[in-house]
1. Could you tell me what percent of the DSSP beta bridges with both partners in the protein assembly as shown are antiparallel, to the nearest 5?
2. In nanometres, what is the gap between the two model label sites at B:Arg180 and A:Tyr24, each 7 Å from Cα along Cα-to-Cβ?
3. Out of the trypsin sites (Lys or Arg not before Pro) in the stretch A:142-207, which ones are loop residues according to DSSP with at most 13 other C-beta atoms within 10 Å?
4. For chain B: lysine pairs with Cα atoms under 15 Å, gap of 8 or more or different chains, count?
5. Report the chymotrypsin sites (Phe, Trp or Tyr not before Pro) located in the stretch A:88-173 that are in a DSSP loop and have at most 13 other Cβ atoms inside 10 Å of their Cβ, or state none.
6. Hey, what number do you get for chain A at 222 nm if only DSSP H runs of n ≥ 4 count, each worth -39500 (n - 2.57), divided across all residues, to the nearest 500?
7. Relative to the first principal axis of the alpha-carbon coordinates of chain B, what is the inclination of helix B:139-152, with its axis defined by its Cα atoms, in degrees from 0 to 90 and to the nearest 10?
8. With the crude spin-label approximation of a point 7 Å out along Cα→Cβ, what separation in nm comes out for B:Glu64 versus B:Ala170?
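What follows is calculated from the coordinates using simple rules that are stated; it is not laboratory data. Nothing here was measured: the structure is a model prediction, and the numbers come from that model. Cβ placement follows ideal geometry from the backbone for every residue including glycine, while neighbour counts extend to all protein chains displayed.
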Amino acid sequence: MIGQGRLAAWGIGLAALVALPFLYRDPYHLHILVLILIWSFAYTSWSMMGRFGLVSLGHGGFMGIGAYVTALLWNHLGLSPWIGIPISMAAAGVLALIVGYPCFRFRITGHYFVLVTLALSGIVLQVITATRDYTGGSLGYTPNRASGNKLLALQFDDKTTWYLIALGVWLFGIVVWHWVDRSMARYALEAISEDEDAAAAAGVDVTAEKLKITLLSALMTALAGAIYCQYQMFITPDTVSGIAVSLQMVFAAIVGGLFVSLGPTFGAIITILLAETLRIGFGTKAVGWDNLVYGVLLVLFIIFLPKGILGSLLDRLKPQPKVPRAHEQEAVQIARPGA
Amino acid sequence: MLEVSGLVKRFGGFTAVNNVSFRVDQGEILGLIGPNGSGKSTIFNMLSGTLAPTSGSILFGGAEIAGLAPHRIINSGIGRTFQIPRPFRRLTIFENVALAGFYGQGRHSRVKAEEAAERSLAMVGLPTDRHASVDGLGAAGLKKLELAKALATAPKLLLADESLGGLDEAEMGQAADMLRNIRDELGITIIWVEHIMGVLMRVVDRVMVLDHGEKISEGLPSAVAGDPRVIEVYLGTDAETTQAAAAEARRRAGGA
């Protein structure tokens, strides 16, 4: 339940965010903010399932499908992104179900699930690269400039418009996160992440619940890819799909905090500022350095700060839970050997 | 209400349950006993859907449930507990039980699920406080939570894999009384698995004894306690200990 105070804080924060582009118009800074908002939405989408132990390295694939399907439909069939985006999301959703169903039905969990999804990322990247006659391959792809109605083509030159669109999409992601967080589905998914048999004994259809959250996460990630494509008007296989993008999602979500709604957003702020700082500070000499820094930080975070920066900060602010008394802890040990 | 016939479970070349048939009547408490590895838990896992039988039939309320997915069986009115409690530690005590109340009753209404959680927690004697953490529970508390989760699914038949080992004498008695209360007050039929005979014999209406996956005895507690095959399985064939044990078992069974 959100208290009055928190609701007020959200309201004031949102009002400030909406007002920002009208008061401050530096295009470079607005550009950075738009990127942060779009990637925040992508990371939030990943964390929808990541927070329940469903670690996917396949989300680069979903994002790539969102971006490329939308752009291809526009360029080849003249289909407006307003129709193209739902189609691209549906495509990503179908792929998620095709990969997810056998995994969940046959209980492919943990590391094995990560490996299956890793393959998914690789396959989507390869398909985009291999069909270069249509997608431009690794050279990238540009949606055709709209000659007519800009709104119909979802193409805007104005950064303020894009900022507001990105803000809306990001907010949608946060709202969905909270919606899941307060639903019974969260109980079921937390239970599944701990013990699938016990969850099934409580009546939970384990396969169905996992499929639902995977589908939701994939649909949202594809939307992120499509929005990114419409904003940048240029996509390459490496910027919207593949293993690097997938790893970046995992990194940002874990660094920011997997278990709090604004954690992935926090992660996006850190990763994008880091990448920009390296790009401006070192230029072409630092190409790929951000990935190196991500890797080192990821290891450090998983070991020392598994709840992420924001998650750990919020824990500090909360009142400490009561520590169970010594004899109770002993009893827990007896009841749970090996714990 | 439950009719099991010709139930077989093989794991590779090993036959864990061999051609076991039994029935459970409405409102009854059936005790299922046997030494470690006799096939009790395997039978439970087949009744609750965790394992699919190799062959045989399980009729529950007239419908075949053998081989159905666990969540379907739970939703058809069979609740189960696990021998070693399996709480969800990322959820509060209340959420653990509300989860079972929601998903175990066809996902109809969250309000109803929460009411079921409150009733179940009260029934087993756990606090209905919504924020209490599972980490505060001891061995007896975790077993109560396990029971509350099963009750919240509104079962007609409760499979209680109780294994009271780890509890002291008073707690064992409480657990046994609780099962009887559940039957008397809620009208829930119970199959109770246990390998400590004494406590069980005081509560159950009938007992079925398993050894090496086969049913070796079935009947009233007093009769089964005196059955030489049961005594042999539990204690070996040394005559003196056997007779002493039989007398002890009869005394306990009679003194309910």
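1. Numbers: 21 of 37 bridges.
Restricted to the protein assembly as shown, the bridges split so that about 55 percent are antiparallel.
2. 7.3
3. Working: sites: A:Arg145, A:Lys150, A:Lys159, A:Arg182, A:Arg186; in loops: A:Arg145, A:Arg182.
Listed in order of number, the matching sites are A:Arg145, A:Arg182.
4. Details: B:Lys9/B:Lys40; B:Lys9/B:Lys215; B:Lys40/B:Lys215; B:Lys112/B:Lys149.
Count of close lysine pairs: 4.
5. Numbers: sites: A:Phe104, A:Phe106, A:Tyr112, A:Phe113, A:Tyr134, A:Tyr141, A:Phe156, A:Trp162, A:Tyr163, A:Trp170, A:Phe172; in loops: A:Phe106, A:Phe156.
Sparse-neighbourhood loop chymotrypsin sites (Phe, Trp or Tyr not before Pro): A:Phe106.
6. Helix-only estimate at 222 nm: -25000 deg cm²/dmol.
7. Value to nearest ten degrees: 70.
8. 5.1
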